1. What relative contact order, as a whole-number percentage, does segment A:71-169 give when Cα pairs under 8 Å and 6 or more residues apart are counted?
2. Give the aspartates and glutamates reachable from B:K131 as a straight Cα distance under 13 Å; neighbours fewer than 8 places away on the same chain don't count.
3. Using the Karplus equation 6.51 cos²θ - 1.76 cosθ + 1.60 (θ = phi - 60°), what ³J(HN,Hα) coupling, rounded to whole Hz, does each residue of segment A:195-208 give in order, writing x for Gly and Pro?
4. So for each of A:13-22, A:283-292 I average, over its residues, the number of other beta carbons within 10 Å; can you give me the resulting order with the highest mean first?
5. Over chain B, what is the relative contact order in percent, taking alpha-carbon pairs closer than 8 angstrom and at least six residues apart?
6. So who's got an amide H within less than 5 Å of the one on B:G32, skipping anything under 5 residues away but keeping other chains? H placed 1.01 Å off N, in plane.
7. For the protein assembly as shown, just list the percent of Cα-Cα distances falling in each 10 Å bin from zero outward, please.
8. Mind pulling up the Rg/Rh value for segment B:124-245? Radius of gyration and Kirkwood radius, both on Cα.
Protein chains: 2
Amino acid sequence: MRFSCNVAELNNALSIAIHAIPVKSPKLILEGILIEAQQNAVILTSTDMALGIECKIPAIVEMEGSVVLPGRFFCEVARKLPGEDVRISVNERSVASISSGFFKTSIAGMDALEFPELPVVKGTTVTMTEKQLRRMLNGTLFAVAIDESRPILTGCLFDVDGNDMSIVALDGYRLAICREKLENTFDASSHVIGGKVLGDVAKILNDQDDEVSICFSRSHVCIRIGENMVIARLLEGDYMRYKQILPTEYVTRIIVNRMGLADAMDRAMLIGRESKSTLVTFKVEGNQMTILMQNTSMEEKIEISSEGKDMEIAFNVKYVMDVLKAISDDEIEMRFKSNVSPCLIYPTDGGDQYLYLILPVRV
Amino acid sequence: MRFSCNVAELNNALSIAIHAIPVKSPKLILEGILIEAQQNAVILTSTDMALGIECKIPAIVEMEGSVVLPGRFFCEVARKLPGEDVRISVNERSVASISSGFFKTSIAGMDALEFPELPVVKGTTVTMTEKQLRRMLNGTLFAVAIDESRPILTGCLFDVDGNDMSIVALDGYRLAICREKLENTFDASSHVIGGKVLGDVAKILNDQDDEVSICFSRSHVCIRIGENMVIARLLEGDYMRYKQILPTEYVTRIIVNRMGLADAMDRAMLIGRESKSTLVTFKVEGNQMTILMQNTSMEEKIEISSEGKDMEIAFNVKYVMDVLKAISDDEIEMRFKSNVSPCLIYPTDGGDQYLYLILPVRV
């Protein structure tokens, strides 16, 4: 194999592929990155078996071929290459000679035949923008279950119905839903993808309007982002029927400044830390809400606009904070039914782009 | 005690005082910060016994008094205060009530009488700018000995002679000297201050032209930076006579681009890491220098301008890198006598603002 390519393009592809390279694996080959030179392109493939990534960059290929190089080390070397281009040639003993500018070195590689092949994924394909998928993932991922007692809840549900797509996460204490409209209409279908894998996907996505396609087969999902492809295995099992647990009535409704409330939660968490308190109380009295932190003398008042009955309700402060950080709106709407019923958090414009539910704590 | 002060000014002072608050101390009181309200100011004092810091900020004092609050926790709370001003009042049980904006809380404090007093330091006082002291410390601190077998070498020598001041560090493998001209003339004197303490001092100093005064007593040094005061104990013992080990002759002299060489050293360290190599060879041949990394296939050529004989010399790559990072000049001059004699590094303008010496490794 012998090719040369642009260093910036190589680094851009590697910064994506690195997400599927395990730091340590019992199978040494998985710590590597597969480099294949074909026609006028180089394909970089990495996988930790849960997640697979394939990136393609243009290259001048003098001799086709393939090799597996130590993944993280190769990424580090590539990042420090001095020239605009790099030339890589691999001999029959899988040793890669790398030269760029006035610098040259060699790296011992492994046989490409040992590298596992990524599955081919075919099925229903929905499209949206990178930005949309990114918003939905960042808006829900925090709420997946950490506890593995119900493995299906450690993933996010991708729920397609007509021209609606929702991503849902819940862990028994809170629930997060983010929605987007699709351009086309699809039969109802739902699939669950692991939270860890989606965390890596979210890191790869940029805040831009480029198209992303998401293709679901029975066992896998394939997400195409430009010349890059991310493949993950679906989680098996039935997801919770989340629509049934969403309350439809409320007694109190408040509108509050998101950053103001987030700053107050930040202070509450800090003050609570010393006495290991996690419980924050919201006391709604007309257009003022008093925030109290359990077992501390902390008290903070914030202005709200409220509708309905005054009330008092307590939450795990972290659950409130997680929601506030996941939203970017200036203001949010919170709806309460009683101090033992879940609180719902909506956009103030009446839209359905997100919906959060937090269970209160009885005091 | 009861006072109010500006939150930004308080945070600025705390960001300095925190450097002398130990994360954990067998004496709980040292984890605290002493807060004294006097006349129209508040004085914040922290010490880990090796280093003491005192900061003064303007305040509206309604009742004079003092308290010791848990240091790092108080810093965190202060950083998150919502208002422009904060009001602190302490009751007879040393509980501080803190309020700012619509937020209030209380923190349990300790009796101020238990807090150790900082020593009063009187003696020769030299002055320079913050920027100058910062440059000299950052330019030498990396070279202090880590190994405590000769404790005096774990500090920096402050060498005052006439209107010259040098700061010197050496660890047996390399030596660093940074010099500044003083406005006044002083009798020759030298003092050694611990490297760890000076590391904290360097972090406090800004890159600005404000005056700093450095006062040496027999046992302590006191550095005044605006309204802030840093006090440290001097190290006892005789420092090495470093002037005797500086070679005066050379056979080869090269001028090299500092960043270019630093980038090459960065690559050499990365490539060497895999084979645990630390030895880099410089091969000077006319106006080209070839860089080779031991036990690797790495080779890099860089352009230099050279004078004198061609030569080959090897160093610990980290020692070369440390010097290159400590300098901000575009180009540097390196002088070699033989491949077993120390290499000297000078500014290319012939000045004496810095001088570095690195011992080569025989190969």
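1. Numbers: 91 pairs, mean separation 13.3, N = 99.
Relative contact order for segment A:71-169 comes out at 13 percent.
2. B:E180, B:D207, B:D209, B:D210, B:E211
3. In residue order, the calculated couplings are x, 5, 4, 5, x, 5, 4, 4, 5, 6, 6, 9, 7, 9 Hz.
4. Sorting A:13-22, A:283-292 by mean packing, highest first, produces A:13-22, A:283-292.
5. Contact order relative to length: 13 percent.
6. Here B:G71 satisfy the definition.
7. 3, 12, 15, 16, 19, 19, 13, 4, 0, 0
8. Details: Rg = 13.3 Å, Rh = 14.3 Å.
Result for segment B:124-245 is an Rg/Rh of 0.93.
Every read-out reported here was derived from the displayed coordinates using simple, explicitly stated rules and does not represent laboratory data. Owing to the predicted nature of the structure, the values given are computational and were not obtained by experimental measurement. Note that we place each Cβ from the backbone using ideal geometry, even for glycine, and neighbour counts take in every protein chain shown.
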